[in-house]
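*Asks:* Sharing a structure, written as structure tokens. Questions coming.
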Amino acid sequence: MATHRTEFEVDASDEQVWAVLVDFESYAEWNPSLPSISGDLREGSTVSLTLVLPGRPNLNPKAVLQEVTPNRRLTWRGHLGADRLFTGYREFAIHPLAENKVRVTHVEDLQGWLAPVFEALMGSSVQRHHDTFNESLKSRAGVIAAREPTEGNSEG
């Protein structure tokens, strides 16, 4: 089992960060590490993903959305082959800190018999993919926040 867990702050509201996370159609505009998600945004639905890992071939898994809690939490679980061979779990949790500041917790948990082999061969690529996603999300949400201040913010 390998877990990649990061926390980072974003200068945007929880609504603005959530809007970026769930606007699947716009991922190609801002997210080089996950340029494509397609499917319905509802718990239990299957989404198709394109994962770009630095120096590795793209992966195109399918995942099931497990939790969709607006402005707070988005999770999915996908696998390559059978679940016991290789399963990936992704979680995004949004924690408000102030009116226009949140902390995002991003977890990627790889499990199954092949997970140790996958991590040994591709672990650094997975971490770079994870970090690129974080920076891209932070940047995109910041741009939206600067363009569309939340109610109560007199700036802009």
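The values are calculated or read from the model by the stated rules, or taken from the named source; none is laboratory data. None of the values given here were measured: they were computed from a predicted structure. Quick reminder, even Gly has a Cβ in these numbers, built from the backbone with ideal geometry, and neighbours come from all protein chains shown. For accessibility, only protein heavy atoms count, side chains too; no ligands or nucleic acids. Shrake-Rupley method; radii C 1.70, N 1.55, O 1.52, S 1.80 Å.
*Asks:* Inside region 23-44, can you point out the residues that are exposed (fewer than 14 other Cβ atoms within 10 Å of the Cβ) and within 21 Å of Asp131 (Cβ to Cβ)?
*Replies:* Ser26, Ala28, Glu29
*Asks:* Return yes when Leu74 is free of Cβ contacts under 8 Å to residues at least 60 places away in the same chain, surrounded by 17 or more Cβ atoms within 10 Å (Cβ to Cβ) and closer than 21 Å to Glu148 by Cβ and no when it is not.
*Replies:* On the way: free of Cβ contacts under 8 Å to residues at least 60 places away in the same chain: yes; surrounded by 17 or more Cβ atoms within 10 Å (Cβ to Cβ): yes; closer than 21 Å to Glu148 by Cβ: yes.
Judged against the criteria, Leu74 is a match.
*Asks:* Please give the number of the condition Asp14 fails out of (1) farther than 23 Å from Arg128 by Cα; (2) in contact with an Asp or Glu (Cβ under 8 Å, 6 or more places away or on another chain).
*Replies:* Of the numbered conditions (1) farther than 23 Å from Arg128 by Cα; (2) in contact with an Asp or Glu (Cβ under 8 Å, 6 or more places away or on another chain), the odd one out for Asp14 is (2).
*Asks:* Same structure, new question: Out of the residues in region 109-135 that are open to solvent by 20 Å² or more (accessible area, probe 1.4 Å) and within 18 Å of Pro32 (Cα to Cα), which is modelled with the lowest pLDDT?
*Replies:* Pass one, region 109-135, residues open to solvent by 20 Å² or more (accessible area, probe 1.4 Å): 109, 111-114, 116-122, 124, 127-128, 131-132, 135.
Filter once more, keeping what is within 18 Å of Pro32 (Cα to Cα): 122, 124, 127-128, 131-132, 135.
On the way: Met122: 63, Ser124: 71, Gln127: 79, Arg128: 82, Asp131: 90, Thr132: 90, Glu135: 95.
Restricting to residues being open to solvent by 20 Å² or more (accessible area, probe 1.4 Å) and within 18 Å of Pro32 (Cα to Cα), the top hit is Met122.
*Asks:* Here's something else I'd like to know. Can you say whether Ala98 is surrounded by 18 or more Cβ atoms within 10 Å (Cβ to Cβ) and small (Gly, Ala, Ser), as far as the supplied structure shows?
*Replies:* For Ala98, the condition - surrounded by 18 or more Cβ atoms within 10 Å (Cβ to Cβ) and small (Gly, Ala, Ser) - is not met.
*Asks:* Out of Val104, Val47, which single residue is touching a helix residue (DSSP H, G or I) at 6+ places or on another chain (Cβ under 7 Å), within 16 Å of Phe133 (Cβ to Cβ), open to solvent by less than 60 Å² (accessible area, probe 1.4 Å) and among the aliphatic types (A, V, I, L, M)?
*Replies:* Values: Val47 fails: touching a helix residue (DSSP H, G or I) at 6+ places or on another chain (Cβ under 7 Å).
After applying the criteria, what remains is Val104.
*Asks:* Next question. Taking into account only those residues within region 1-22 that are of a type in the set (D, E, K, R) and closer than 24 Å to Gln111 by Cβ, which is most open to solvent (accessible area, probe 1.4 Å)? Write out each step before concluding.
*Replies:* So the first thing to find is which residues in region 1-22 are of a type in the set (D, E, K, R), and the list is 5, 7, 9, 11, 14-15.
Right, trim to closer than 24 Å to Gln111 by Cβ and you get 5, 7.
Details: Arg5: 149, Glu7: 104 Å².
Of everything passing the filter in region 1-22, Arg5 is most open to solvent (accessible area, probe 1.4 Å).
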